[in-house]
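Taking it in order: structure first as structure tokens, then the write-up.
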Amino acid sequence: IFEDVTAYRGAEEALRKSEARHRALLRALPDLVVVLDRCGVVLDYHGPNATWLLASTGRCLGRTFHEVLPAEVAREIDVAIAASQATKKVVSVKHKLPAASGVSTYEARVLCAEDDNVYLVIRDVTEQSRMEEQLFISDRMASIGTLAAGVAHEINNPLAALMANLTFAVEDVTKLAQDLHAPGPGTPSPGTGNEGSSQWVAARLQAIDEPLQDARESAERVRHIVRDLKIFSRSDEEKTGAVDVRAVMESSLRMAWNEIRHRARLVKDYAEVPWVEANEGRLGQVFLNLIVNAAQAMPEGRADRNEIRVVTKQDEHGRVVVEIRDTGSGIAESVIPRIFDPFFTTKPIGEGTGLGLSICQRIVTALGGELSVESQLGKGSVFRIILPVAKDQAAQASPTPPAVVAGRRGRILVIDDEPMLGKAVFRMLCRDHEVLTETTARAAIERVSKGERFDLMLCDLMMPELTGMDLHAELLRIAPEQAQKMVFMTGGAFTTHAREFLEEVRNPRIDKPLDVDKVRALVRGLLG
């Protein structure tokens with residue numbers, strides 16, 4: 001029997017060449033490509049890092065991906081496979097893994113194909129992630145730089161009031177002390193039992209109380225502004241948790257107030273909404289960008305004719321919706337599809353990088369949310385952010401402040417290189433506790449080395465020569481029980497080492513500027 005197999009041999013050759021091209025293409029890719037069957041068994045794989053990401057010993061083919069991939073990566077891929085099966089789309093997940101040079105970031109793209117196989121593409125995106133992080137930080141700092149004059153103005157106003165009121169109070173107290181020491185004409189004699197003298201002193205003290213209260217309120221405003229700046233300068237961008245969108249929005253509005261006040265009325269239309277799963281600093285960056293854009297869409301000097309309305313509500317799916325509405329110039333319909341593209345801007349040359357909205361969209365998408373826009377030329381715009389509700393809503397409930405009760409008297413050492421701050425903490429606590437102060441960590445070490453012991457040690461985190469972190473390490477060596485008694489006072493962990501330290505240690509910490517009531521409550525709680 002003779003059969004013409006020319007076409008069959010041609011098909012075989014074509015298939016062989018196709019497979020060769022396929023394998024050559026896979027070898028040329030910078031990604032690790034893994035083919036799995038419907039049960040998760042590895043059918044084929046190609047690409048760099050195969051021996052690092054996959055099992056470095058033994059065979060990979062014929063084993064499940066749970067056996068050949070790191071356990072934490074395999075768990076996330078399980079979730080991605082389920083999502084891809086449901087949507088028939090590519091699903092991406094990112095994961096950090098330890099590497100010789102530190103930590104590497106890998107992105108896995110998963111697709112459940114029609115041939116019942118699962119295609120897994122793993123790419124090392126460490127450098128890309130670092131560049132993105134720097135881009136996010138640069139954009140945030142650029143926003144703060146743009147608002148620097150306005151922030152300085154917002155600080156200068158309460159600071160001027162603070163200084164004026166304190167000057168008045170100091171002068172009045174000095175005059176009162178002089179009058180009591182050397183009574184002049186019309187000054188009642190401060191003799192014992194003299195009711196007129198007591199009333200006169202009470203009236204003078206009452207006159208001093210008002211400027212002191214105003215000074216305290218002004219200082220509180222400065223403290224809020226400093227807190228807002230700290231939120232926007234944080235670098236813990238990978239951490240997410242339950243976040244109150246209204247509190248973050250308030251911080252963003254305070255930062256942008258000088259841009260808003262001359263251009264539009266600000267209307268807050270807040271509905272009660274649950275907390276969202278987000279990162280406070282990143283979410284603040286999104287809000288700040290959108291608020292500044294809304295303000296800059298309107299000319300200065302027409303605040304009575306324009307409006308920025310901020311809305312919080314929930315949609316029909318229970319997600320949290322934040323809207324920033326403006327009555328500005330609007331966006332042309334032809335431009336709207338491009339506004340989230342990197343480097344696209346409608347602003348004049350030199351006034352915009354074109355990265356703000358692109359970064360906003362990436363941040364919101366990474367948080368599992370959506371960012372969209374509706375706009376009409378000449379009538380204004382609405383930017384709408386939709387965010388997932390936080391799984392843990394426990395943080396949302398405001399704890400009932402405990403009744404102020406006298407705690408036990410403790411022996412407390414305060415270490416801060418700013419003498420005035422040390423004195424201030426001394427005054428906060430000296431009525432109820434024995435308080436000592438030092439300006440260097442070395443002096444604290446000498447005290448402990450000589451056998452002194454303290455119920456609490458309130459220590460500044462960042463100091464010259466020896467830091468609070470150095471003190472903690474030395475105390476762990478010479479008196480471990482004293483290291484556990486440390487409470488760190490910090491104006492912001494602005495170095496990588498400081499951030500990592502605060503993440504590792506379990507000691508309490510207090511943010512500067514210090515809140516007197518919170519410091520006293522913390523001390524009472526720790527002393528029992």
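The values are calculated or read from the model by the stated rules, or taken from the named source; none is laboratory data. Model, not experiment: these values are computed from the prediction. Reconstructed Cβ throughout: ideal geometry from the backbone, glycine too, with neighbour counts over all protein chains shown. Only protein heavy atoms, including side chains, enter the accessible area calculation; ligands, DNA and RNA are left aside. Shrake-Rupley method; radii C 1.70, N 1.55, O 1.52, S 1.80 Å.
Miscellaneous remarks
- When His472, His95, His317 are compared by accessible area of protein heavy atoms, the largest-first order is His317, His95, His472, using a 1.4 Å probe.
- Estimated FRET transfer efficiency when R0 is 51 angstrom, pair Asn156-Glu272 (beta carbons, to 0.05): 0.90
- Shown here for the range 262-325: GluC sites (Glu not before Pro) in loop regions (DSSP other than H, G, I, E, B) with at most 14 other Cβ atoms within 10 Å, namely Glu272, Glu300, Glu316.
- Out-of-range pairs (alpha-carbon distance over 22 Å; input Lys239/Lys518; Lys450/Lys518; Lys239/Lys391; Lys423/Lys518): Lys239/Lys518; Lys450/Lys518
- Label-point separation in nm, Asn117 to His262, each point 7 Å along Cα→Cβ: 6.3 nm
- Loop-located trypsin sites (Lys or Arg not before Pro) across the range 14-45 with a Cβ neighbour count of 16 or fewer within 10 Å are Arg38, with loop assigned by DSSP.
- The mean sequence separation of alpha-carbon pairs under 8 Å and at least six residues apart, normalised by the residue count of the range 440-528, gives a relative contact order of 26 percent.
- Here the simple spin-label model places points 7 Å from the Cα toward Cβ, and for Glu217 and Ala74 these points are separated by 6.3 nm.
- Spin-label model distance (nm) - Arg477 vs His66, 7 Å beyond Cα toward Cβ: 4.8 nm
- Fully extending the segment from His224 to Val311 would add 29.1 nm, taking 0.36 nm per residue of separation and subtracting the current Cα-Cα distance.
- Contour excess over end-to-end distance, with Cα ends at Val5 and Asp209 and 0.36 nm allotted per residue: 62.8 nm
- Across the range 378-384, coupling constants 3J(HN,Hα) worked out from phi with the 6.51/-1.76/1.60 Karplus curve, θ = phi - 60°, read x, 10, x, 9, 10, 9, 10 Hz, and Gly and Pro carry x.
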